[in-house]
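Novice: This is the structure I have questions about; it appears just below.
The values are calculated or read from the model by the stated rules, or taken from the named source; none is laboratory data. Remember, predicted model here, so these are calculated numbers, not experimental data. Please note: Cβ atoms are built from the backbone with ideal geometry, for glycine as well, and neighbour counts cover all protein chains shown.
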Amino acid sequence: MKVIALTGGIGAGKSTVAQFFSELGANVIDADHLARIAIERGSEGFDEVIARFGEKIL
């Protein structure tokens, strides 16, 4: 199995390339999506971020 990582700045086309690979049958993991879930309001991750950085970051 080959592992390919897509990196680049905002608007570089990472999502477009990921969609292309997905259409070819590749398994695609969207780290941005996973990160949003991990710190979703009310989650344990959200509580940990607030505990570390305080309410001022909201």
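Novice: Which of the residues that make up segment 16-45 are polar (S, T, N, Q) and either modelled with pLDDT under 95 or outside any helix (DSSP H, G or I) (or both)?
Specialist: ASN27, SER43
Novice: Here's another thing I want to ask about it. Kindly indicate whether GLU48 is surrounded by 10 or more Cβ atoms within 10 Å (Cβ to Cβ), part of a helix (DSSP H, G or I), free of Cβ contacts under 8 Å to residues at least 40 places away in the same chain and of a type in the set (Asp, Glu).
Specialist: It is true that GLU48 is surrounded by 10 or more Cβ atoms within 10 Å (Cβ to Cβ), part of a helix (DSSP H, G or I), free of Cβ contacts under 8 Å to residues at least 40 places away in the same chain and of a type in the set (Asp, Glu).
Novice: Ok, one more. Is there any pair with a first residue in segment 12-30 that is under 18 Å from MET1 (Cβ atoms) and a second that is outside any loop (DSSP other than H, G, I, E, B) and among the aliphatic types (A, V, I, L, M) whose Cβ atoms are under 8 Å apart and which are 6 or more apart or on different chains, and what are they?
Specialist: Hits for this filter: VAL28/ALA18.
Novice: Look at segment 29-45 and say how many of its residues are among the charged types (D, E, K, R) and surrounded by 12 or more Cβ atoms within 10 Å (Cβ to Cβ).
Specialist: Counting residues in segment 29-45 that are among the charged types (D, E, K, R) and surrounded by 12 or more Cβ atoms within 10 Å (Cβ to Cβ) gives 1.
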